[in-house]
1. For the range A:465-480, enumerate the residues that are closer than 21 Å to residue A:438 by Cα and either open to solvent by 10 Å² or more (accessible area, probe 1.4 Å) or of a type in the set (Ser, Thr, Tyr) (or both).
2. Against the conditions (1) within 29 Å of the chain's Cα centre (by Cα); (2) modelled with pLDDT under 95; (3) under 23 Å from residue B:392 (Cα atoms), where does residue B:336 fall short? Just the number, please.
3. Tell me, which residue of the range B:313-356 that is β-branched (Val, Ile, Thr) and within 30 Å of residue B:209 (Cβ to Cβ) is most open to solvent (accessible area, probe 1.4 Å)?
4. So for the range B:165-184 (the condition being in contact with an Asp or Glu (Cβ under 6 Å, 6 or more places away or on another chain), of a type in the set (A, V, I, L, M) and open to solvent by 10 Å² or more (accessible area, probe 1.4 Å)), does at least one residue qualify?
5. Report yes if residue A:268 is touching a Lys or Arg at 6+ places or on another chain (Cβ under 9 Å) and at pLDDT 95 or above, otherwise no.
6. How many of the residues in the range A:298-312 are more than 9 Å from chain B (Cβ to nearest Cβ) and not in a helix (DSSP H, G or I)?
7. Residue A:257 - would you say it is touching a residue at least 60 places away in the same chain (Cβ under 8 Å) and in contact with a Phe, Trp or Tyr (Cβ under 9 Å, 6 or more places away or on another chain)?
8. Among the residues that make up the range B:438-455, is at least one of them within 30 Å of residue A:488 (Cα to Cα), part of a loop (DSSP other than H, G, I, E, B), at pLDDT 95 or above and in contact with a strand residue (DSSP E or B) (Cβ under 6 Å, 6 or more places away or on another chain)?
2 protein chains.
Amino acid sequence: MNAPLDSKLASFTELLARAREPFPASTKTHVAGAVHPQIAVPMREVKLTNGETVSLYDTSGPYTDPKVAIDIRSGLPQVRRGWIDARADTAFYEGRALQAVDDGTKDEASARVAELRREAAALQRQPRKAIPGANVTQMHYAKKGIITPEMEYVAIRENGRREWMAEYLADAGREARLAGNPMGASIPKIVTPEFVRDEVARGRAIIPANINHPEVEPMAIGRNFLVKINANIGNSAVTSSIEEEVEKLVWAIRWGADNVMDLSTGRNIHTTRDWIVRNSPVPIGTVPIYQALEKVGGVAEDLTWEIYRDTLIEQAEQGVDYFTIHAGLRLPFIHLTAARRTGIVSRGGSIMAKWCIAHHKESFLYTHFEDICDIMKQYDVSFSLGDGLRPGCAADANDEAQFAELRTLGELTKLAWKHDVQTMIEGPGHVPMHMIQANMEEQLKHCHEAPFYTLGPLTIDVAPGYDHIASAIGAAMIGWFGTAMLCYVTPKEHLGLPDREDVKAGIIAYKIAAHAADVAKGHPGARARDDALSKARFEFRWHDQFNLSLDPETARDFHDETLPKDSSKEAHFCSMCGPKFCSMKITQEVREFAAAQGVSEQAALEQGMAQKADEFRRAGGEIYIPIASAT
Amino acid sequence: MNAPLDSKLASFTELLARAREPFPASTKTHVAGAVHPQIAVPMREVKLTNGETVSLYDTSGPYTDPKVAIDIRSGLPQVRRGWIDARADTAFYEGRALQAVDDGTKDEASARVAELRREAAALQRQPRKAIPGANVTQMHYAKKGIITPEMEYVAIRENGRREWMAEYLADAGREARLAGNPMGASIPKIVTPEFVRDEVARGRAIIPANINHPEVEPMAIGRNFLVKINANIGNSAVTSSIEEEVEKLVWAIRWGADNVMDLSTGRNIHTTRDWIVRNSPVPIGTVPIYQALEKVGGVAEDLTWEIYRDTLIEQAEQGVDYFTIHAGLRLPFIHLTAARRTGIVSRGGSIMAKWCIAHHKESFLYTHFEDICDIMKQYDVSFSLGDGLRPGCAADANDEAQFAELRTLGELTKLAWKHDVQTMIEGPGHVPMHMIQANMEEQLKHCHEAPFYTLGPLTIDVAPGYDHIASAIGAAMIGWFGTAMLCYVTPKEHLGLPDREDVKAGIIAYKIAAHAADVAKGHPGARARDDALSKARFEFRWHDQFNLSLDPETARDFHDETLPKDSSKEAHFCSMCGPKFCSMKITQEVREFAAAQGVSEQAALEQGMAQKADEFRRAGGEIYIPIASAT
């Protein structure tokens, strides 16, 4: 952190180059639309050594496409530009004038800010908004029966290429035990563009896609779609830099972050966001109250609706796709936290609680909620209704403070939908396993099936340093129960700011949780990747096993630690058991023996064959690879 | 691995010394018995900075007690020696003559074996066994109504010191939401020695404690006790050494392994076990078929009952506490695996399957099951009935092969209990989340509540390199549902042999899973540690937060990475949000403000206090620590 600027940039460039490397045996391909032939939905194709191809959901954007030249100082290609233009319901306009306070100082002549702005010059875009009387949200289009390119994009993306999955999908059709338990979700066999439209129209899914973020590759968050994950990045008052945050973004989406929240709280907030949004192919969320608070020098009591409103517009113009707004934390709920072990642990929540108590007034986020909706619908910014009263420890889980706020979020959802503003609901936090399902049930009951977006939950409090694991358990469970997006927790939670290795560790833990949820729900095709990997494992196709895994590099490195030789990648045994004890090898031999006799194992067994047993015994004497060749 | 012997030993000594360091702010204390005043149950007391003391379950044995001198070349103090003597139902005897083949060679003059034996000379003990007609199992005593010292030891250990928990236990009594959901378990408020006896008598719990392992600190495995974890160690044909394995044992119990299995498959098996058992305060399990197979040169078809029987006696005399025996894998079940994606993945299972097919005979483990019981009861070796047909991938979960074997294990449990042999049942493996509960239900239904001991299960197959996480999710869930012991999975699963860092990563992941299960089940006091840590977190007692966590070192290191200064350990903010945004700090200020006014927050709110709001605003201006002091 204290290295000179030059070496920082050099190392940043190197890191970025590394984050851009295509995954092994992988190429980026695109699938065109039918309703909208111009759309090109990216997928990662993994070429297996047996000639098969597996195609995977790809969150990494153009970064892993070597054919795309990217200069992060000028931003990504604008995938959605033409789609937005074609709708002809928006207009470019002057936009709000930039102020020094947006980047943390009242000194309009600040040299730091001038330098920041110069560096970000090529990232500036003229904003657009809805023309008078128009509503440009995906929900608005959906309710009018319009299938937007964004919706078809999502449909294609959710399905993936079904061709390669056929073998595995057939299994699930044949055996009930493999069909999954959707826990009340209505997951279709094939996601059609019309299905996406319908889900968005009824509020059961959102497609976060600000019209000022044309770089975004559309994705959906909803109970009937694949479970998504969010990664938080952002500089803080204490540490970290802009370059680090952009690199973390690219790094995060490489490993599978479907969404990224910029939680910056230090100086340079506005410019950091320019860098992040312009370079992000995934939706970006923020918590606008953080920046608003910076603008009033960190004094919560000095916040006003006007400053907050101005901040919403500032960020909507930049292209933020969803805002966390803690509008459900009402004055009458605050006293409910008095007996808690850890009080209010949400930053946004505690800021608003402080404001409410200091002024003894109802929260301006609540009283101005429809004014906020009016802004959101002009840019298609989605609500992420914040849970400012989420529990901060196991002992505070599912208490009245938490659920009173949740019910209020349900009321606000109805209001948001009146304005056709896309809405999801944030959830906890810290919840022991046996109390997780009640969270999902309460949310479904009170929030009208608006997507649930939870932080973990952490199932225990005693694992600082490993909270990505303590929370992945809760996240997998609540994902199965119906949560649409899981906000990751890194190993540094409660202790410090995550570095890039922590970001990766958090993301992988959450990809595991989300995938475990998809498999349990029986999302068509979710298990196909597992099946393909297990088949590769059984057939000793080591490279395929690595390349189909969530982190091919780590899988290969771990294998190399014990058996470094290239030849061992072809070996029909592995380092755990050595050549003589490999159970998979033995199983295969058993099968081959049965096949060689021209009979199935079952038939062979039924015939009772002493002679064949003899042959097997003799053949068995020669099947071992000598130990020497293994080490 | 290829370092010269001297440097290996030097580094081994260093590593061992490090593994013996007491945890920060911790001292080893002992609690005496009431029925058996001579017993001294170890606990780790953590002294907090606020003067409170928290006492924790301690698996680390005498290693973390600086007052105990330990020479691993002569083994640990014999805690149970006097108890076993006092029962007067065993006798020392000559024992089976050691053979070179026990350590992997037919050359009785082998210089390697002679050297091995010399090095382990001080670890040799004369074995004892039951006197003719006696049965020395804990189950046998329990059924006769005898409360053994082992049983009282377990009772004290399970309860912990309840004094410090009182504040937290009161919570659970007050609010139903904090009481847990035992999912059918019958967890008492206080574990009495009589309760332990009863659980052991009815087979619902086991206390693995071979009479030839007097070094063991007794512990229980059962659905109504704390969820336990097992760590696997052991050298293999391909790599690793004896010293490494002993150090891994000490390392494993330091981090919380309740049991350790020695899965050695290479040479030196017998002597490795001498080192491990003599130096282990936790029960040691093995899979005897591994060594038996070594004795027949790795040719499964050449296995005989006589060789296997001889191996059981060899290991029982050494003090192994439980044997994994795949006696439920019967000839008629093997064909059920033919259509599986990954066939038979259990090593022991595939060895026996190969034997059965080659001879076209029923498994000798099944046909000789009562002969095996006769051996077990003379030493009090417990059964861990192996699941040789467990699924090796999600697609094979819960299939007929798996459940046919499980039902057979239930039959065998009845047979074992006829001989008063303590028994637990092994379970999978690879099981998607929605299929986990069925595993527990089938096990409860068919295995008469004998403790379940599962490997994970892994909830997905695509996470090689992170299977400790993919499986901790399944382990936590099945632990909540009623599994008594969770066999850990390390990050190296499927890829290579775990090194010490992998062992630690696996153990921590499984301590998280086990603890999450205990909290969900509502085990009295389980949540008290979480509450104490959360209280420390809320009160900015950083050192207490670290010291109460599963891995104090890592928690502190992570904190130091962002805020290295000692002063920041006293700081009333943390690195995540910086001094201005700390929500806990804000919450505390809100409370302090209310308290200073002599009114509760609620009352204050109800009074509607414009003047007080003013005071708060003024006070609020001064509460921030300047940023400069934080960095």
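1. Hits for the range A:465-480 are A:471, A:480.
2. Result: residue B:336 passes all but (1).
3. Residue satisfying both the conditions and the ranking: B:313.
4. Yes, the range B:165-184 has at least one match.
5. Considered against the rule, which asks whether it is touching a Lys or Arg at 6+ places or on another chain (Cβ under 9 Å) and at pLDDT 95 or above, residue A:268 comes out as no.
6. 2
7. yes
8. Looking for residues that are within 30 Å of residue A:488 (Cα to Cα), part of a loop (DSSP other than H, G, I, E, B), at pLDDT 95 or above and in contact with a strand residue (DSSP E or B) (Cβ under 6 Å, 6 or more places away or on another chain), one finds none in the range B:438-455, hence no.
The values are calculated or read from the model by the stated rules, or taken from the named source; none is laboratory data. On a predicted model such as this, the values are computed, not experimentally measured, just so you know. Here the Cβ is made from the backbone with ideal geometry for all residues, glycine too, and neighbour counts use every protein chain on show. We work out accessible area using only protein heavy atoms, side chains counted, and drop any ligands, DNA or RNA first. Shrake-Rupley method; radii C 1.70, N 1.55, O 1.52, S 1.80 Å.
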